[in-house]
Amino acid sequence: MAVIDWVCFSVGGVMLLLTWMSVIGTLIVPRPLRSRLSRVTALATSKIFRTITIPATSYEVRDRILSWQSPMSLFVRLLVWVVLFDVSFSLLLLPFVDGDIWQAASEAGSAMFTLGYAAPSNMGNTVLVYAAAYTGLIVIALQIGYLPTLYSAFNRREAEVTLLVSRAGAPSWGPELLVRTRFGMAAQNSTSELSDLYRTWERWAADVAESHSTYLTLVWFRSPSAQSNWLNSLLSVMDAAALQLALSPGSAPSTRARLVLRMGFTCLRQVARAVGIPVDEDPDPDSPIDVTFADFQEAVELLRTVDYPIEVTAEQAWPHFRGWRVNYEKVAYALAYAIDAPPSMWSGPRRFPSEPIMPSRPKNRTSQETKPDDPQILGRRRTN
């Protein structure tokens, strides 16, 4: 029996070490470390919520259910850590309580949860009981300190996503961003306006790349609005920049557009690698993309309705647009599929049956404000 007790002691020591590595790697180390324990709990939570959403009849219902997924993942992970620490200390205490598993569990639980009802009886279990008490306090304190960091990154992300709704609709779409900017501003101002937007979203993409690859739970945190999503928003800004570079190479804010594209697909690749999605680091610029030339032509015609300054034909612009989009389309689609993003235009398939949703547009406009070729009217006709 003494041999078995010391074998359990060894198992408990290894379990304690591995659990601490998971806690420190997840909550303290500022880089994406792959904790198997965190990954398993996140995967289990995800599968449970996928099962729950099977009967969902609309995306709004599905989104309301999935909004609980990330918070519950955090709760389950904390619960698993606490249970594993409790079991580890129970096994470590066995040799010092004559193999009495119930007494070992009682002392470990009393110390972990600072209840104090089971006092240690010798030097060996006194040291372990104090260690268990410190462990319980530290794990809870680390988790409490982790939440403000997590929600601060979430709030920074969502501020720009919310601001983009008035510019690109919800769900966001690249051509819509260009149309609204052109329609709402004078020609001489629209280029500088987009340049400022690209500057903001370049920094936003850098922030998301760092925060979401370090704190993977953020990837699945959903926006307050069902049709808004961080991935769709970034994709729409990148598509707008790619369209502008392809269609208006002379007047586009070339440097800013290229920088936001570069930072955008760097962000997507960094987050995808952290999540575990395969990434093609150097895609062939001549590879086919999911967006077809017919889709591209429709977007060009939509831009023409607001007299967007198109400098080349659609046929001439298409290879340049495809050359930019091939850098980020596949990884963006894989992430959108993994996080169940709203089914927006040009954002790929989902794991649930869906049709791409056109961006929502204002319905109440006076006759004096509405042009015959207003893209908002054209968009409603297409939707209807």
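The values are calculated or read from the model by the stated rules, or taken from the named source; none is laboratory data. Just so you know, these numbers come straight off a predicted model, no measurement behind them. For neighbour counting, all protein chains shown are included, and Cβ atoms are generated from backbone atoms with ideal geometry for every residue, glycine included. Side chains are part of the model used for accessible areas, which takes the heavy atoms of the whole protein and leaves out ligands, DNA and RNA. Shrake-Rupley method; radii C 1.70, N 1.55, O 1.52, S 1.80 Å.
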| How much of the accessible area of the chain, in percent, comes from carbon and sulfur atoms when a 1.4 Å probe is used? | 61 percent
| message | Going by average Cβ density within 10 Å per residue, which order do the peptides 145-157, 214-226 take, highest to lowest? | response | 214-226, 145-157
| task | Multiply the residue gap between GLU193 and LEU18 by 0.36 nm, knock off their C-alpha separation, and tell me the result in nm, one decimal place. | result | 57.9 nm
| query | For the stretch 170-259, what is the accessible area per residue in Å², given a 1.4 Å probe and the full set of protein chains? | reply | 30 Å²
| said: I need the peptides 227-234, 323-330, 304-311 ranked by packing, meaning the mean over residues of other C-beta atoms within 10 angstrom, with the highest value on top. | reply: 227-234, 323-330, 304-311
| said: Just want the answer: with Cβ charges of +1 for Lys and Arg and -1 for Asp and Glu, which residue in VAL291, TYR130, SER192 is farthest toward the dipole's positive end in the chain? | reply: SER192
| Efficiency of FRET between ASP295 and ILE28 - r from beta-carbon atoms, R0 45 angstrom, step 0.05 | 0.50
| said: Need the C-alpha centroid separation for the stretch 1-80 versus the stretch 327-359, integer Å. | reply: 26 Å
| message | Skipping prolines and chain starts, which residues have an amide H placed within reach, meaning under 5 Å, of the one on PHE352, given they are 5 or more residues away or on another chain? | response | none
| note | Yeah, the stretch 230-339 with a ≥ b ≥ c from its alpha-carbon gyration tensor (a/c under 1.5 is rounded, else prolate when a/b outruns b/c, oblate otherwise) is prolate
| said: Cβ neighbours within 10 Å, averaged per peptide: list 53-61, 38-46 in order, most packed at the top. | reply: 38-46, 53-61
| In Å, what is the Rg of the alpha-carbon atoms in the stretch 1-115, and how long is Dmax? | 18.5, 60
| message | Can you compute the charge dipole magnitude of the chain about its Cα centre, using +1 on each Lys and Arg Cβ and -1 on each Asp and Glu Cβ, nothing else charged? Give it in debye, rounded to the nearest 20. | response | 540 debye
| query | How big is D, in µm² s⁻¹, for the chain by Stokes-Einstein at 25 °C and 0.890 mPa s if Rh is the Kirkwood radius over C-alpha pairs? | reply | 104 µm²/s
| note | The answer for the net charge of residues other than THR51 whose Cβ lies under 15 angstrom from its Cβ, with Lys and Arg +1 and Asp and Glu -1, is +3
| Whole-Hz Karplus ³J(HN,Hα) for the stretch 36-45, in order, using 6.51 cos²θ - 1.76 cosθ + 1.60 and θ = phi - 60°, x for Gly and Pro? | 4, 5, 5, 5, 5, 5, 5, 5, 5, 4
| task | Work out the length of the dipole vector of the stretch 134-279 about its Cα centre, built from +1 on the beta-carbon of each Lys and Arg and -1 on the beta-carbon of each Asp and Glu, and round it to the nearest 20 debye. | result | 180 debye
| Taking only the alpha carbons of the stretch 179-291, what extent do you get along each of the three principal axes, in Å, biggest first? | 43, 37, 23
| Residue-wise, which Karplus ³J(HN,Hα) couplings in Hz belong to the stretch 60-71, taking 6.51 cos²θ - 1.76 cosθ + 1.60, θ = phi - 60°, and x for glycine or proline? | 4, 5, 4, 5, 4, 5, 5, 5, 8, 4, 5, x
| Amide H to amide H, which residues 5 or more places from SER344 or on other chains are under 5 Å from it, using H placed in the peptide plane? | ILE357
